[in-house]
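*Asks:* Take this structure first; my questions come after.
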Amino acid sequence: MESEEHIIGSRTWPHPEVVEDLAQLRQIAPLTHCITNIVVTNFTANVLLAVGASPAMVVTIEEVAEFVRIALALLINVGTITTIDAEIMLKAAATAQETNTPWVLDPVAVGALKFRTDIVAELIRYHPTVIRGNASEILELSGFKGGGKGVDATESSLSALPAALQLAERTGAVVALSGKVDYVTDGKEIITIPGGHEIMTRITGTGCSLGALIAAFLPVTKTPLRAAIAASVLFATAGERAFMEAYGTGSFSMLFLDQLSTIGIR
Amino acid sequence: MESEEHIIGSRTWPHPEVVEDLAQLRQIAPLTHCITNIVVTNFTANVLLAVGASPAMVVTIEEVAEFVRIALALLINVGTITTIDAEIMLKAAATAQETNTPWVLDPVAVGALKFRTDIVAELIRYHPTVIRGNASEILELSGFKGGGKGVDATESSLSALPAALQLAERTGAVVALSGKVDYVTDGKEIITIPGGHEIMTRITGTGCSLGALIAAFLPVTKTPLRAAIAASVLFATAGERAFMEAYGTGSFSMLFLDQLSTIGIR
Amino acid sequence: MESEEHIIGSRTWPHPEVVEDLAQLRQIAPLTHCITNIVVTNFTANVLLAVGASPAMVVTIEEVAEFVRIALALLINVGTITTIDAEIMLKAAATAQETNTPWVLDPVAVGALKFRTDIVAELIRYHPTVIRGNASEILELSGFKGGGKGVDATESSLSALPAALQLAERTGAVVALSGKVDYVTDGKEIITIPGGHEIMTRITGTGCSLGALIAAFLPVTKTPLRAAIAASVLFATAGERAFMEAYGTGSFSMLFLDQLSTIGIR
């Protein structure tokens, strides 16, 4: 592997580029079109609002292309995909490609279920700017055997790093690989992002809202790689800080939003 | 403008009429039928329960008319409207008109997207008791140019006050205009409701759940105007108090529900 | 009534069998397939994750049977059932019967609305392992007159205990009857579970997520009765403890998740 490696995590906060990108996001408040799963809509919207973006969920076939043209970025997350959602997602992705709207694909549980696996394969043809997933999902997409049993990673993120590199090279997308340690790569550079805390897997929506936050950063940062880095570093840092004051998963969830809404301010 | 103007905000709490209406709501616990968007269902239900109403989301074509007949009030919020939702909303509104069930229309992002704009125009023909929206939405509905980019107001609420008056006069609905300062009008009286805090726009669902709370007050108060006032004053007061103890947006959300559930009690 | 009666509540915590079952659940982290209503998806997922289960919402006709075969347990909650949901739920229930996957039926507002009442009658033919409901719902299902006005119990749970026994005998399901006091019965034993707090009815999703937690315990405990007991005792205990530190409904919700995620650990 000849790719360059860097480490940017919670320990290196405040990282100058992330601070700059965050300031930009807060100034622009990018309208971020989220087509996501029914479990995490509320949390995702609150994460984007906390950081400073402007989320909007527009999810009907009559409006989806029109709204992709208005929004600055798009997230497609297949977590609870339905028959009609598939059509909507394909139309959104096609429109994003046509209008050069940057977009994130979150292929939740790809490989575990046939229907979504087929739709994700179609979605990828519309050139997502970023693909975010856990080890099982990235392994599956890269053609390695995934073995995911659903939404949870059954593989460590490091073990999927070669798959992430290959997927980035093949698709031209930045790949954001989530796990105990996060990795972000454009197929050339690899950024290792330690931090966060295991408790983040004990509340629903941290992975899904990370995908949304990457989308929100895309119209703001100089490169898609920086968008994935900025969102991942904010999550690692906010997660680590929130854990220190949390009693259990309920207070962690609240404190995580508190941290995201005040990071770099307080 | 010959309309009378009054100011009732968080500073004048406890306002005798609002206290009376709140006590009534807590006694009756009005069954409030919410057809709302997928981002805010949970928060909306928790807001209504916190104050003392009884929310229920019934959202299928086979049940919607039957449930409008059972419920004491109805909310229709088009935030994440779909093809089938449109049919359900129209049936609910038609039934509400037929049964004299008071109802609130929340025309989220009307004007920004064609499909919902057309449906909202049809819904208004069923005579909503109250229309709640931000400046962009009220400007759009009144025929003034809106220019909304989505869910967020791009205009100040004061600038939309003439539009609100005109909309109230033309439709016979009370108009609740949300913004930094809230205004409520029946086309004759104008009530100015200062208070709340800008942080309320940094969590999702405050506007949408205000619409739901207005609906919950409708079967309880002597006039629709009082329902809109009561809900708006409670939100302004609870929002202002919650902000004083909040660290960020996560704790604000929690404290806001705490305030709504204890206001006038603790 | 010749059934045996036992009392296991928050006062008897730590109850040895519940502690044992909880340890098992945390070790196995059972993949629990939830087909539930749009108001409580997020809270339900967070409750399951807090306790230690692995929730997944898979809700499209193309995937539902496939996922029932992967998951260890299934929840079907008809709270916001739609036309297409009905088909999905019936397919899921049929598959669960075929694969001997244990499943919980939560017949929200059965009897109050015709469509769901018919679907619930069909669902019951696929032999749910556990039926969880409030007094109105259990009365309705057992053939007694329910009189439910929606999601809220209008009857005390004790008054529905004979109905619960009869329903358990007739269907072979364990019946979990929720109310101020919870009762669990397999038609022979009756377990009385006091505890919890009235504030649990002031946040949305406590009943619905109890049904989900019972489902999560089913592949773990020796009998379905023990699954219903374990989940109910955890809820009663966590609810009582959370209330002691709560200021209002917002902080209660957070503290309840905190308690569920730390019970038996801290």
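*Asks:* Which residues, counting only those in the range C:68-85, are outside any helix (DSSP H, G or I) and among the aliphatic types (A, V, I, L, M)? Spell out the reasoning first.
*Replies:* We begin by selecting, within the range C:68-85, every residue outside any helix (DSSP H, G or I); these are C:71-82.
Residues satisfying the conditions are C:Ala71, C:Leu72, C:Ala73, C:Leu74, C:Leu75, C:Ile76, C:Val78, C:Ile81.
*Asks:* Just a yes or no: is a residue in the range C:179-193 farther than 20 Å from C:Pro102 by Cα, touching a residue at least 40 places away in the same chain (Cβ under 8 Å), of a type outside the set (Val, Ile, Thr) and crowded, with 23+ Cβ neighbours inside 10 Å?
*Replies:* Yes: one or more hits.
*Asks:* Let me ask something else. Only residues that are surrounded by fewer than 24 Cβ atoms within 10 Å (Cβ to Cβ) and either free of Cβ contacts under 8 Å to residues at least 12 places away in the same chain or away from chain C (no Cβ under 14 Å) (or both): list them for the range B:91-101, please. Please lay out each step first, then the result.
*Replies:* Our first condition is that a residue be surrounded by fewer than 24 Cβ atoms within 10 Å (Cβ to Cβ); within the range B:91-101, this holds for B:91, B:94-95, B:97-101.
Correct list: B:Ala94, B:Gln97, B:Glu98, B:Thr99, B:Asn100, B:Thr101.
*Asks:* Okay, next question. Select, from B:Pro219, B:Pro224, the only residue that is open to solvent by 40 Å² or more (accessible area, probe 1.4 Å) and within 12 Å of the chain's Cα centre (by Cα).
*Replies:* B:Pro224 is the lone residue from the list that is open to solvent by 40 Å² or more (accessible area, probe 1.4 Å) and within 12 Å of the chain's Cα centre (by Cα).
*Asks:* Mind listing whichever residues of the range B:56-90 are at the interface with another protein chain (Cβ under 7 Å from one of its Cβ atoms) and in contact with a Cys (Cβ under 6 Å, 6 or more places away or on another chain)?
*Replies:* The answer is B:Met57, and nothing else.
*Asks:* Then there's this: Read through the list (1) assigned to a strand (DSSP E or B); (2) out of contact with any strand residue (DSSP E or B) (no Cβ under 8 Å at 6 or more places or on another chain), then give the number of the only condition that C:Ala50 fails.
*Replies:* Of the numbered conditions (1) assigned to a strand (DSSP E or B); (2) out of contact with any strand residue (DSSP E or B) (no Cβ under 8 Å at 6 or more places or on another chain), the odd one out for C:Ala50 is (1).
*Asks:* Suppose the filter is of a type in the set (Val, Ile, Thr) and open to solvent by 40 Å² or more (accessible area, probe 1.4 Å); does B:Ile84 pass it?
*Replies:* Considered against the rule, which asks whether it is of a type in the set (Val, Ile, Thr) and open to solvent by 40 Å² or more (accessible area, probe 1.4 Å), B:Ile84 comes out as yes.
*Asks:* I'd like to check something: does the range C:146-158 contain any residue that is open to solvent by less than 10 Å² (accessible area, probe 1.4 Å), at pLDDT 95 or above and closer than 21 Å to C:Gly205 by Cβ?
*Replies:* No: the range C:146-158 contains no residue that is open to solvent by less than 10 Å² (accessible area, probe 1.4 Å), at pLDDT 95 or above and closer than 21 Å to C:Gly205 by Cβ.
*Asks:* Would you tally the residues in the range B:102-124 being closer than 19 Å to B:Ile35 by Cα and open to solvent by 20 Å² or more (accessible area, probe 1.4 Å)? Working first, answer last.
*Replies:* Taking the range B:102-124 first, the residues closer than 19 Å to B:Ile35 by Cα are B:102-110, B:115-124.
With open to solvent by 20 Å² or more (accessible area, probe 1.4 Å) added as a condition, the list becomes B:102, B:115, B:117-118, B:121-122, B:124.
Matching residues across the range B:102-124 total 7.
*Asks:* Out of the range A:216-266, which residues are under 30 Å from C:Thr262 (Cα atoms) and hydroxyl-bearing (Ser, Thr, Tyr)? So that I can check it myself, show each step before the final result.
*Replies:* The initial filter retains those residues of the range A:216-266 that are under 30 Å from C:Thr262 (Cα atoms), namely A:231-263, A:266.
Hits for the range A:216-266 are A:Ser232, A:Thr237, A:Tyr247, A:Thr249, A:Ser251, A:Ser253, A:Ser261, A:Thr262.
*Asks:* Only residues that are more than 22 Å from B:Gly52 (Cα to Cα) and free of Cβ contacts under 8 Å to residues at least 40 places away in the same chain: list them for the range C:195-222, please.
*Replies:* The answer is C:Lys222, and nothing else.
*Asks:* Okay, moving on. Within the range B:238-260, track down each residue that is more than 14 Å from chain A (Cβ to nearest Cβ), open to solvent by less than 10 Å² (accessible area, probe 1.4 Å) and under 12 Å from B:Val51 (Cβ atoms). Can you show your working first?
*Replies:* As a first pass, look at the range B:238-260 and keep what is more than 14 Å from chain A (Cβ to nearest Cβ): B:238-241, B:244, B:259-260.
From what is left, the residues that are open to solvent by less than 10 Å² (accessible area, probe 1.4 Å) are B:238-239, B:260.
Answer for the range B:238-260, where residues must be more than 14 Å from chain A (Cβ to nearest Cβ), open to solvent by less than 10 Å² (accessible area, probe 1.4 Å) and under 12 Å from B:Val51 (Cβ atoms): B:Ala238, B:Leu260.
*Asks:* Right, next: For the range B:125-132, check the following and say yes or no: at least one residue is within 14 Å of chain A (Cβ to nearest Cβ), surrounded by 21 or more Cβ atoms within 10 Å (Cβ to Cβ) and assigned to a loop (DSSP other than H, G, I, E, B).
*Replies:* Here is the first cut: in the range B:125-132, the residues within 14 Å of chain A (Cβ to nearest Cβ) are none.
No: the range B:125-132 contains no residue that is within 14 Å of chain A (Cβ to nearest Cβ), surrounded by 21 or more Cβ atoms within 10 Å (Cβ to Cβ) and assigned to a loop (DSSP other than H, G, I, E, B).
*Asks:* A further question follows. Return yes when C:Ala230 is away from chain A (no Cβ under 13 Å) and touching a residue at least 12 places away in the same chain (Cβ under 8 Å) and no when it is not. So that I can check it myself, show each step before the final result.
*Replies:* Numbers: away from chain A (no Cβ under 13 Å): yes; touching a residue at least 12 places away in the same chain (Cβ under 8 Å): yes.
Yes.
*Asks:* Look at the range B:196-214 and say how many of its residues are open to solvent by 30 Å² or more (accessible area, probe 1.4 Å) and in contact with a Gly (Cβ under 9 Å, 6 or more places away or on another chain).
*Replies:* Filtering the range B:196-214 for residues open to solvent by 30 Å² or more (accessible area, probe 1.4 Å) gives B:197-198, B:201-202.
Going one step further and asking which of them are in contact with a Gly (Cβ under 9 Å, 6 or more places away or on another chain), we end up with B:197, B:201-202.
Total meeting the criteria: 3.
*Asks:* A:Ile70: more than 16 Å from the chain's Cα centre (by Cα), of a type in the set (A, V, I, L, M, F, W, C), surrounded by fewer than 24 Cβ atoms within 10 Å (Cβ to Cβ) and closer than 18 Å to C:Val64 by Cα, yes or no?
*Replies:* Values: more than 16 Å from the chain's Cα centre (by Cα): yes; of a type in the set (A, V, I, L, M, F, W, C): yes; surrounded by fewer than 24 Cβ atoms within 10 Å (Cβ to Cβ): yes; closer than 18 Å to C:Val64 by Cα: no.
Against the criterion (more than 16 Å from the chain's Cα centre (by Cα), of a type in the set (A, V, I, L, M, F, W, C), surrounded by fewer than 24 Cβ atoms within 10 Å (Cβ to Cβ) and closer than 18 Å to C:Val64 by Cα), A:Ile70 does not qualify.
*Asks:* Quick check, is C:Pro30 in contact with a Cys (Cβ under 6 Å, 6 or more places away or on another chain) and open to solvent by less than 60 Å² (accessible area, probe 1.4 Å)?
*Replies:* Criteria not met by C:Pro30.
*Asks:* Here's a follow-up. Which condition number in (1) modelled with pLDDT of 95 or more; (2) part of a strand (DSSP E or B) is the one that B:His6 fails?
*Replies:* B:His6 satisfies all of (1) modelled with pLDDT of 95 or more; (2) part of a strand (DSSP E or B) except (1).
*Asks:* Would you point out the residue of the range C:10-27, among those that are touching a Ser or Thr at 6+ places or on another chain (Cβ under 6 Å) and open to solvent by 10 Å² or more (accessible area, probe 1.4 Å), that is nearest to C:Gly264 (Cα to Cα)?
*Replies:* Within the range C:10-27, the subset touching a Ser or Thr at 6+ places or on another chain (Cβ under 6 Å) is C:10, C:13, C:21.
Cutting the leftovers down to open to solvent by 10 Å² or more (accessible area, probe 1.4 Å) gives us C:10, C:13.
Numbers: C:Ser10: 13, C:Trp13: 9 Å.
Filtering first and then ranking leaves C:Trp13.
The values are calculated or read from the model by the stated rules, or taken from the named source; none is laboratory data. All figures in this text were calculated on a predicted structure; none of them were measured in a lab. Virtual Cβ from ideal backbone geometry, glycine too; neighbours counted across all protein chains shown. Note: areas computed on protein heavy atoms with side chains; ligands, DNA, RNA excluded. Shrake-Rupley method; radii C 1.70, N 1.55, O 1.52, S 1.80 Å.
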